[in-house]
1. Could you tell me which of the residues B:A12, B:A26, B:A103 is within 13 Å of another protein chain (Cβ to nearest Cβ), surrounded by 18 or more Cβ atoms within 10 Å (Cβ to Cβ) and more than 25 Å from C:N115 (Cβ to Cβ)?
2. Can you find a residue that is within 14 Å of chain C (Cβ to nearest Cβ), free of Cβ contacts under 8 Å to residues at least 12 places away in the same chain and not polar (S, T, N, Q) anywhere in the range B:83-99?
3. Could you check the range C:106-131 and list, in sequence order, the residues that are within 19 Å of C:S45 (Cα to Cα), away from chain B (no Cβ under 14 Å) and out of contact with any Phe, Trp or Tyr (no Cβ under 6 Å at 6 or more places or on another chain)?
4. So is D:I73 closer than 23 Å to B:K72 by Cβ and without any contact (Cβ under 8 Å) to a residue 40 or more places away in the chain or not?
5. How many of the residues making up the range A:85-122 are at positive phi and not hydrophobic (A, V, I, L, M, F, W, C)?
6. Can you pull out every residue in the range B:1-27 that is in a helix (DSSP H, G or I), small (G, A, S) and touching a strand residue (DSSP E or B) at 6+ places or on another chain (Cβ under 7 Å)?
7. If I filter the range D:57-76 down to residues being crowded, with 21+ Cβ neighbours inside 10 Å and facing chain A (nearest Cβ under 7 Å), which single residue comes out as farthest from D:I31 (Cα to Cα)?
Protein chains: 4
Amino acid sequence: METKTALTVRYAETDKMGIVHHSNYAIWFEIGRTDLIKRFGITYSAIEEMGIMLPLYELNCKYIAPAKYEDKIIVTTSIKEISRARISFSYKVCDSVTDKLLATGVTLHAWTDKNLKPINAEKIFPEIYSKLSSN
Amino acid sequence: METKTALTVRYAETDKMGIVHHSNYAIWFEIGRTDLIKRFGITYSAIEEMGIMLPLYELNCKYIAPAKYEDKIIVTTSIKEISRARISFSYKVCDSVTDKLLATGVTLHAWTDKNLKPINAEKIFPEIYSKLSSN
Amino acid sequence: METKTALTVRYAETDKMGIVHHSNYAIWFEIGRTDLIKRFGITYSAIEEMGIMLPLYELNCKYIAPAKYEDKIIVTTSIKEISRARISFSYKVCDSVTDKLLATGVTLHAWTDKNLKPINAEKIFPEIYSKLSSN
Amino acid sequence: METKTALTVRYAETDKMGIVHHSNYAIWFEIGRTDLIKRFGITYSAIEEMGIMLPLYELNCKYIAPAKYEDKIIVTTSIKEISRARISFSYKVCDSVTDKLLATGVTLHAWTDKNLKPINAEKIFPEIYSKLSSN
């Protein structure tokens, strides 16, 4: 399963090079993750309200071509791997008009409680875990 | 009482116009506020840990001259008005090399609890309130 | 004429208070402006490519109620005033589910060239100026 | 050669998890890079004014422990590798009070002209290239 999220580049996302500042791709990945989780019938807000957190422990982003102000972007998000302790997502960022690949990325997350202590996802919320891992 | 906070413009703070994006001045004001509160012998972190919040209800910023990447900036912050329900701060942003005034601003805040419900600052934390208002 | 722009609150837009950080409203206003200008049959990108800039000289924002992660937002944007030297926009930010008003704002801009020197908008691009001011 | 850059965590850098949002580490790395380049007797602003750009083509960040509002941070930056086509930097982010390692990172950059076309750094600016590579 994968989701496709449409974005339009914001002026504030550009930098003096005239292109999107590289830090924004991490934010776009997060928007993709939010959408992907929603597709499983839960919201990430609801997961956090249950006291479950998904802090990053690693981010990788490869920048292939720049995005510019007002460009129409598609972020394609999928689950890469899931275990009781961790989950990783992969991302593709494309220009939706030219279909050009702009960037790819991976984020690795730990399942934790509110105090950022590791938890066993399968044990703590078996239903959600089963949905995500049956993917 | 006023505090002077030194900043260097970050690349990520610039936009495609080649100058600092206007949204960053709100962030610089906040850094000034953090410093000013520290001067009273408390930290804003500690205030929040006591369950007291200072959400904005109004922001005003006048942009006089642009700031650029690597510019050295001074934010001068002072308390404008304080009451049991509210507090306001005023700001001046200058280029620290040329002394040129770049921007001025005012932020208005409400004293609230963790759930953003209004509180009586004088009653809830008399000691801090007395320090801030004797200013 | 006014435009309505739909947004979903990004995780990165929240702060430790659990609500959208106030600096993001300036960015949301900018997204509204981008949409409004597009409605006139031009893009703001195209205006900038013509060497015309619209730097802010004043921003005002009133925060009425907080927005939270994943909230659905509508930014309503309209031109407030236009002259040969300046243009101002006004904004309303609402929760699109509850219709609750979250914030209002005004931004004031100068018409300038690439070097941020003032220009006479009516003289430099009569066609666009006429479209915007006939509004 | 390495540089140590001191930062204080900004309120706006936190998210609803109560910790620094992961996208900010890319911005902190950039501040470290700015400082490191300055140490070589040039500024990154001056390099860009010469028409030389250093866009990222890859970013990697490992998050080890969270940083919080008002935490004092040290970013240690060094050149990892340099060639005529590319340059990479490595980063360590520590809490300056506890000395705890919070994050590490690597950024890979291409030497390009203003239009983001690859250039031969040694040929185009031999003096700067020689300084950076003699490191």
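1. Values: B:A12 fails: more than 25 Å from C:N115 (Cβ to Cβ); B:A103 fails: more than 25 Å from C:N115 (Cβ to Cβ).
Step by step, each of B:A12, B:A26, B:A103 is checked, and only B:A26 is within 13 Å of another protein chain (Cβ to nearest Cβ), surrounded by 18 or more Cβ atoms within 10 Å (Cβ to Cβ) and more than 25 Å from C:N115 (Cβ to Cβ).
2. The initial filter retains those residues of the range B:83-99 that are within 14 Å of chain C (Cβ to nearest Cβ), namely B:86, B:88-89, B:91, B:93.
Okay, now just the ones that are also free of Cβ contacts under 8 Å to residues at least 12 places away in the same chain, so none.
There is no residue in the range B:83-99 that is within 14 Å of chain C (Cβ to nearest Cβ), free of Cβ contacts under 8 Å to residues at least 12 places away in the same chain and not polar (S, T, N, Q).
3. Within the range C:106-131, C:I124, C:F125, C:P126, C:E127, C:I128, C:Y129, C:S130 qualify.
4. Details: closer than 23 Å to B:K72 by Cβ: yes; without any contact (Cβ under 8 Å) to a residue 40 or more places away in the chain: no.
So D:I73 does not fit the description; no.
5. So the count comes out to 1.
6. Answer for the range B:1-27, where residues must be in a helix (DSSP H, G or I), small (G, A, S) and touching a strand residue (DSSP E or B) at 6+ places or on another chain (Cβ under 7 Å): just B:A26.
7. D:Y63
One line per residue, one yes/no per condition, for (1) under 30 Å from D:L56 (Cα atoms); (2) in contact (Cβ under 8 Å) with a residue 12 or more places away in the chain:
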site: A:N24; (1), (2): yes, no
site: A:T43; (1), (2): no, no
site: A:G51; (1), (2): no, yes
site: A:C61; (1), (2): yes, yes
site: A:I64; (1), (2): yes, yes
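No value in this document is a laboratory result; all are computed from the given coordinates. It should be emphasised that the depicted structure is a prediction, and the values quoted were computed from it without experimental measurement. Please note: Cβ atoms are built from the backbone with ideal geometry, for glycine as well, and neighbour counts cover all protein chains shown.
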